[in-house]
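Here the structure is laid out as structure tokens; the discussion comes afterwards.
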Amino acid sequence: MRRRLRDVHDVASGKLCTGCGVCAYLAPTEVRMVDVLDHGRRPLPIVPAGRGPDAAAALRCCPGAGLGHETSRPAPGEVAELRAAWGPVRAIWEGYAADPAVRYAGSSGGVATALAGYCLTEAGMAGVLHVGARSDVPYLNETRLSRTPAQLLAGAGSRYAPASPCDRLDLIEHAEGPCVFIGKPCDVAAVRMVRRLRPELDARIGLTIAVFCAGTPTTRGTLEMLARLGVDDPTMLESVHYRGNGWPGQARARLRDDPPERRRELSYAESWGDILQKHRQWRCYLCPDHTGEFADVAVGDPWYRPTGDDPGRSLVLARTERGVRLVEAAIAAGALVLTPVAPAVLPASQPNLLGARGAVWGRVATLRAAGLPAPRFRHLPMAGIWWRHLSLAEKLRSTVGTLRRIRRKRLREPAALVPYPEVAPPAPEPARHGSHLGQTGRPLSK
């Protein structure tokens, strides 16, 4: 008999958590988000509340437990040929941020930053909720509400480390006007679900932007990458960047005592390909949505283009009428330089994601056959992709390989959720020594 998920703590201990943090927003007196070295951002019970009713109710909005569209049929105005494998798409462009500084700092053209900045300066929105590096522990993330383009630019670029942007949705709920939300596909899916429960929040969501995602590496992955960069003592870290400053950009780290000429860099192939992707959390292997199907706008890399010494270009999908309207307005205002492209550019740009979606069906079916908990998906077609698009070897890897992972990843055992770090490493200012808290005064990376 398959184990039933009673609340979000069961999701986390069952290694199905995405780390989005929506449960901490819904149950702030019962749940706190912490960094767990080999798992990611995870919810822990707040003592003495323990496992209370709000943690159980939060299961309704948990993307780790399941995702679903209302239908798998294309609506009027959607690109019908993309609906089954890529979700709702109304328009596709390729291009970049008009501001060269934003384009260069972004991981692939800076469109997410530029569009959010347009919403702040021209569309009357009050803020942008997104993640950035913690000031006291730069290799961990924190959620922040940016109110100016300069604040947005400071947080530009991919963060291949655990993040829980939904834990601070209260900042949007209590903002003085509509706000933009930027997150991974699972984060945006959580926002879509929680909006149905919180009308106050729904009224304050002006736009959701999802960034294409191939999986979230754990903090262990970042530490391994830093070691390869020659960072022996992470407490001395001044900054770490995973991409940016060109496309796809290099991973870069800097220590507080590094001389100006010291360069610590790894190529994207070395950082992501050799190190980080091996540390992706288990739930990412069960994800059918890598391209932000529940967002208004989704942004990713046009990998069909050769990379190299390039300032960057983004592939941009408008998935809702609101998304189309705001992207077109940003183009008209000169904030974005985008050109419409054919639907075929999407699968050409992300050639591995169709197979990854099909493999999820085999993995989930194997987990269920083994009596283990698995996420539930509705109107996210996968079985047909598994049968038609995967080779025999790929089918076997998705099923037999999952059986091996059950043993290797100890999926029958509950996850050991120990906060990391127990005490934050010392920061330059003595007043911050020994603190668990980020600037917002919330536990760990908030």
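We did not get these values from a lab; they are worked out from the coordinates using the rules stated. Only a predicted model underlies this, so the values are computations on that prediction, with no experimental measurement involved. Methodologically, a virtual Cβ is constructed for each residue, glycine included, from the backbone with ideal geometry; neighbour enumeration extends over all protein chains shown.
A cut-off of 5 Å between modelled amide H atoms, ignoring neighbours fewer than 5 places along the same chain, links GLN281 with THR216, THR218. Taking every alpha-carbon pair in region 293-362 and binning the separations at 10 Å intervals from zero gives 17, 43, 31, 8, 1 percent.
How big, in percent, is the set of alpha carbon pairs in region 40-169 lying more than 25 Å apart?
Working: 4082 of 8385 pairs.
Counting pairs separated by more than 25 Å, the tail of P(r) holds 49 percent.
Under 5 Å from the amide H of CYS179 lie the amide H atoms of ALA126, ILE205, GLY206, LEU207, each residue being 5 or more positions distant or on a separate chain, with H modelled from the backbone and absent for Pro and chain starts.
Loop-located GluC sites (Glu not before Pro) across region 1-84 with a Cβ neighbour count of 13 or fewer within 10 Å are GLU70, with loop assigned by DSSP.
Converting phi to 3J(HN,Hα) with the Karplus coefficients 6.51, -1.76 and 1.60 and the offset θ = phi - 60°, region 67-73 yields 9, x, 8, 6, 7, 9, 8 Hz in sequence order, with x at every glycine or proline.
Sorted into 10 angstrom bins from 0, the C-alpha pair distances of the chain split as 4, 22, 33, 28, 11, 1, 0 percent.
Using Cα-Cα distances under 8 Å and only pairs 6 or more residues apart, what relative contact order does the chain have, in percent?
On the way: 1004 pairs, mean separation 101.6, N = 446.
Rounded, it is 23 percent for the chain.
Computed over region 125-244, the P(r) tail beyond 21 angstrom holds 40 percent of alpha carbon pairs.
Tally the DSSP beta bridges in the chain and give the antiparallel ones as a percent, rounded to 5. Let's see the in-between values first.
Numbers: 37 of 52 bridges.
Here the antiparallel bridges make up roughly 70 percent for the chain.
In order along region 104-114, the Karplus-derived 3J(HN,Hα) couplings, from 6.51 cos²θ - 1.76 cosθ + 1.60 at θ = phi - 60°, round to 5, 6, x, 6, 8, x, x, 5, 4, 5, 5 Hz, and Gly and Pro are given as x.
Amide H to amide H distances under 5 Å link ARG264 with ALA253, where only residues 5 or more positions off or on other chains count and H is placed in the peptide plane. Note on region 337-420: percent of Cα-Cα distances in each 5 Å bin, starting at 0 and stopping at the bin with the largest distance, equals 3, 12, 19, 18, 16, 11, 9, 6, 4, 2, 0.
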